[in-house]
Amino acid sequence: MKNLITMIKPAILLLALPLITGCSDKIAVLNPQGPVARSQYHLIIWSLIMMSLVLAIVLILFVYVLARYGRKNSKGFDPNDTGNRKLEIVWMIIPVIICVLLAVPTVQTLYALNHPPKATATPAKLAGKTLTIDVTSVQWKWLFRYPDQKIETVNYAVIPAGTPVKFRLHAYDAMNAFWVPELGGQQYTMTDMPMKLWLQADKPGNYDGRSSNYSGRGFAHMTFTIMARNATDFDNWVNDVKQNKPALSLNGYKKLLQPDTVKPQAFSSYPKLAEKDLNKAQMQALEAGKSTKNDSMQGMKMDKNMDMDHNGKGGHHDD
Amino acid sequence: MIESIKSFLGYFFVTGDPMIYGADASIALASIGIVVVLTYFKKWKWLWEEWLTTVDHKRIGIMYIIAALLMLFRGGVDALMMRTQLTLPNLHFLNSEHYNQVFTTHGTIMIIFVAMPFIFGLMNIAVPLQIGARDVAFPFLNALSFWLFFAGAMLFNLSFVIGGSPDAGWSGYAPFAGAELNPGVGQNYYVLGVQISGIGSLATGINFLVTIIKMRAPGMTLFKMPMFTWSILITSVIVVFAFPAFTVALALMTIDRLFGAHFFTIAAGGSPMLWANLFWFWGHPEVYIVLLPVFGIFSEVIATFAHKTLFGYAVMVWSMVAISVLSFITWLHHFFTMGNTAPVNAFFSVSTMLIAIPTGVKIFNWLFTLNKGRIEFTTPMLWALAFIPNFTIGGITGVMLAMAPADYQYHNSYFLVAHFHSTLIAGTVFGIFCGLHYWWPKMFGYLLDERKGKWSFWIFMISFNICFMPMYFLGLMGMTRRMYTYPAGLGWTPINIVITIGAFGMGLGFIIMAWNIIWSAIHGKRDTTGDPWGGRTLEWTTSSPAPEYNFAHIPEISTRDPLAAMKEGKTGDLRKSSKPYEPIHMPNNSGIPVIMSGFMFIAGFGFVFEWYWMGIPGLIGVVACMIARSFVYNDHHYIPVDEIEKTEAATGRLS
């Protein structure tokens, strides 16, 4: 039955997946480098095992009925075999059990991901410490603002390894998604809803990130690097940026907000305005508010909206 | 003056790309060719009287399928262009803007202008015949549905050469698709083209719901209906409930774009996420709108060629009902990663997983229909059999995607792309090809060639796996959808080469199928019996192609699979009846649907360019057509008995 072999082939490929992953670290999702990615990896492998089981049962039955009841050698043809309540109940209950076995860890992981991962950095003084980074997606670049260190980087961010990092996600214009597969799954960036994403790297290293939600012409180039360093190196890097990099001027900041692709860069400070996390419409209203009277009304309206965003619906997503 | 004309032409026509000029030329040549052929063979009157004005469900079905096949060709060319661009890293076959337009039109065309009309075509052909009716409940509305779909499809496709194509993806997410970030006419084509064809889809849903509820042959209770008819009944209910959400979403987006409102904008408190909610509240049920009918087709074909009654009929029906209910409470799984709280994501994770239960039950029931059967490997049966393992792979990866924390890693990656192509190709595409081969003799009176059919099946099916299986790995490696290019050195290149080979293989399979259609039109084996496959349901009792009135006598039904029961000698002859013929009441043809849709096209085109001097008269024309229709009193005729006798005698059915 040559026909059958070609039919089963994709299944064999899929079942061989765990084997292939053993040989390659190119498969980022299956090469977790932090506790968040690892919890998702465990879920993926667990579901893969359960689903391979289902696929195996279907394929075995499929091959069996085709081999046995293919026309030429069909023995036991029985046109009156039109239903079997007991069997039907069996194959209704088994999927229910499988769903429960998958749903329980799914929900557990979901709730766990709300909390910061457990820090693994060694020096005792780091225990309980976290780092916060404000991430803003702009067509087609990533801005990283360190509110505690008062520095800003573009298209790369340095984080201390072993320390939970809270990424607060915003969008300046189009929706994007912030994804570093080796450290953990993605979250969208949106103008109307700030969100947070906890990530943590086990050990120092560079981890590729990219936008995973299409946002226009430069989308494919919207990549960034998360560089995990040990605690000392991280502090040294912060000091180095503070001392040796230029300040980000208001005009420089506004230039970064124009749709374009840019090279990775770092700044020793950022303008006060950046802290407001204005979106494109709010920024335009602010600019226009200075020039004409008519538009300043528009600007006032915008401010109200902004307050709503920050105190109202944004609130519970932020913490 | 000349300068302003020049600048207008530059804005009106898409310029600067030699491929587009090629397309311009070929569109012009094809149009001239059609006009010349029709004029030379004096076929204009025939075209108008037999096709453009027809309200016959069989002809409307054929027109749906022809249009869907043409659209499939265009969507397929889009796919091959994308695959060519992605074969190797850093290629410049398409630039970013062009690639973005191509993936947008590929997605929109394949779902809205291929999958749905193809299914509407097959249900138009088969449902009235399966339930022993002479037409659908509202034949005029049926013609209008088709022409609205056609007007919407033509409007959408025009964007390719006039004005520029949409480029925000088939899901058209705000705020990127809004006027703030996406000015120009491209997205206007999307909202208006899809809206116009959507009105037709909604009308089709209502039409078939009423047809199946009200027009079944005497004795055919709901639980004696063929499974395909059941699937269409449930699909129609989904259409009626899901489409209004999309209609509203598109209308709001149109108002945003054309009149500066703020439903989905960044500015003035608009909510971009609201678009995602409304879109997927339609978009997820839409998946089942194109899947449940093919479940019905597979049920018919598997039962026919296993020579057995469908295993577990009642459970098959109830599992479709369960799927239809669940389909409305899973939409949020399309954006688990949009900052929902854990309880919300937990609810939608579980509701999505639950769909696997009724779907799994159906898979096992199909396997047990095959069990103890006498399986005949015809072309339609091959498509149906291949569906089982291939669709199961799409199904299980769907369960994996349903687990929200894991989805954070799969979302928008090629893993997702692989998953939905596994379900939509192994499900919908295999299904419509299966139905096409199965009902072809009923449509045209001859069979498609089996040898060529099997070649196209094997090439398409194997290439499909070569194309989409590697994509799962590509997604886990971090490649996201909608990237127009990728850098070297990530290990993605060899996989992308394999995928492109698979894509062209599928193209080859499709070409063989097209060749088979042309070849069989000339050399195909005629179907003189009306029952070429040994069918089990009513459509195979009438002649092929079915006469205008479908059944000279409305059959009386006492059992499921009435034709199979008749062959086993359990009931009387359904083909012949000793009762005398009576004149048959049939609806008149009408030119109003095609004219009205023409006005709709004009209105849509006007609004795309925000030319209200054109859009508003177009709408007035639509209303005028409605008024004109309400004054048509003479809308039916009777087929006289001697004509029925002549037709029946010609197929040897005169008793």
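The values are calculated or read from the model by the stated rules, or taken from the named source; none is laboratory data. A quick note: this is a predicted structure, and the numbers were derived from the prediction, not measured. When we count neighbours, we look across all protein chains shown, and the Cβ atoms used for this are built from the backbone with ideal geometry, even at glycine.
For the criterion of being touching a strand residue (DSSP E or B) at 6+ places or on another chain (Cβ under 8 Å), closer than 17 Å to residue A:247 by Cα, outside any strand (DSSP E or B) and of a type in the set (D, E, K, R), residue A:148 passes.
Scanning the stretch B:244-297 for residues that are assigned to a helix (DSSP H, G or I), within 14 Å of chain A (Cβ to nearest Cβ) and small (Gly, Ala, Ser) returns B:267, B:268, B:269, B:276. Selection of first residues in the stretch A:90-114 that are within 8 Å of chain B (Cβ to nearest Cβ) and of second residues that are among the polar types (S, T, N, Q) and not in a helix (DSSP H, G or I), restricted to Cβ pairs under 9 Å at least 6 apart or on distinct chains, gives the following pairs, ordered by first then second residue: A:114/B:341. Residue selection: residue B:353 satisfies the criterion of being facing chain A (nearest Cβ under 10 Å), within 22 Å of residue B:398 (Cα to Cα) and part of a helix (DSSP H, G or I). Of all residues in the stretch A:213-221, none are within 8 Å of chain B (Cβ to nearest Cβ), within 17 Å of residue A:28 (Cβ to Cβ) and among the basic types (Lys, Arg). So if I check each of A:158, A:180, A:238, A:165, which one is over 30 Å from residue B:98 (Cα atoms) and under 16 Å from the mean Cα position of the chain (by Cα)? Going through A:158, A:180, A:238, A:165 in turn, the sole match is A:165.
Confirm whether residue B:417 is buried (at least 24 other Cβ atoms within 10 Å of the Cβ), within 21 Å of residue B:116 (Cα to Cα) and of a type in the set (A, V, I, L, M). Taking the combined requirement at face value, the residue does not satisfy it. Restricting attention to the stretch A:44-82, the residues that are at positive phi and surrounded by 13 or more Cβ atoms within 10 Å (Cβ to Cβ) add up to 0.
Among the residues here, residue A:262 does not qualify as within 18 Å of residue A:147 (Cα to Cα), surrounded by 13 or more Cβ atoms within 10 Å (Cβ to Cβ), more than 14 Å from every other protein chain (Cβ to nearest Cβ) and among the β-branched types (Val, Ile, Thr). Looking at the stretch B:72-174, the helices (runs of 4 or more DSSP H) lying wholly inside it that each contain 3 or more residues that are in contact with a helix residue (DSSP H, G or I) (Cβ under 9 Å, 6 or more places away or on another chain), aliphatic (A, V, I, L, M) and buried (at least 22 other Cβ atoms within 10 Å of the Cβ) sit at B:116-130, B:139-158.
For the stretch A:188-203, the criterion of being closer than 30 Å to residue A:247 by Cβ, at the interface with another protein chain (Cβ under 7 Å from one of its Cβ atoms) and in contact with a Lys or Arg (Cβ under 9 Å, 6 or more places away or on another chain) is met by at least one residue. Restricting the stretch A:222-246 to residues that are among the hydroxyl-bearing types (Ser, Thr, Tyr) and in contact (Cβ under 8 Å) with a residue 24 or more places away in the chain, which is nearest to the other protein chains (Cβ to nearest Cβ)? Going through the qualifying residues, I end up with A:223.
Residues that are of a type in the set (A, V, I, L, M, F, W, C) and not in a helix (DSSP H, G or I) within the stretch B:599-644 comprise B:609, B:611, B:631, B:632, B:639, listed in sequence order. In the set B:231, B:271, only one residue is at pLDDT 95 or above, more than 21 Å from residue B:597 (Cβ to Cβ) and not β-branched (Val, Ile, Thr); that residue is B:231.
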